[in-house]
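Below is one structure; the comments refer to it alone.
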Amino acid sequence: AYTRLNGLHPSQLANAMQDIFHTETALLLLVALVVVPAVASSGLGQERREATHELLATSLIPPYQVVLAKFLAVALLYGMLVVAVMPVTGLVYFFAGVDVARMFQAGLVLLPTALCAAALGTAVSAFTEKEGWALGVTFVAAGAVTVPAPLAPGGHGGAHAVTARIPPLAPSPAA
């Protein structure tokens, strides 16, 4: 005997939770690849546009600390987004659709991707004068790195590719 939840068989519920998790992971990956570099690439350009970079240049703050602060601001913004979707991730876990190993694997993909995208956008912003150019160069560089990955031999694209390669955890032996 099994218990139905809103008319769903437990296996249907587990499949639905896996779909929600894959969609959530894909959306966070999209944000990491599109929004994070866009925001990061406009950081120092905004200082130039608003003519506040002269004030920063005359302050005692070394330039590398200004660039580091812009990078950390974008990284923390992405971190807040991830924290905001944690309740959905918790529901997916508690409804037994996705195990902890898959969630950990998704984090191992999402975190470095977002940090690299933020670093790339901030670095390009530091070396270009105009925000539009910074954004364009950032997207071309990010695209050159990420687009060939699914096309590589054995590469897989899509949301499922982020989480599907780890085997499920083996059941623990009965005590």
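Here are a few things to note about the model shown:
- Burial ranking of peptide ranges 60-68, 75-83 (average Cβ count within 10 Å, highest at the top): 75-83, 60-68
- Pairwise label distance in nanometres, Thr146 with Leu72, each label 7 Å out on the Cα-Cβ vector: 2.5 nm
- Expressed as a whole percent, the accessible area of segment 60-141 that falls on carbon and sulfur atoms is 83 (1.4 Å probe).
- All distinct Cα pairs of segment 41-100 go into the 1/r average, and the inverse of that average, the Kirkwood radius, is 14.3 Å.
The values are calculated or read from the model by the stated rules, or taken from the named source; none is laboratory data. These numbers were taken from a predicted model, which means no experiment stands behind them. As a convention, Cβ positions derive from the backbone with ideal geometry for all residues, glycine included, and neighbour counts pool all protein chains shown. SASA here: full protein model, heavy atoms, side chains in, ligands and nucleic acids out. Shrake-Rupley method; radii C 1.70, N 1.55, O 1.52, S 1.80 Å.
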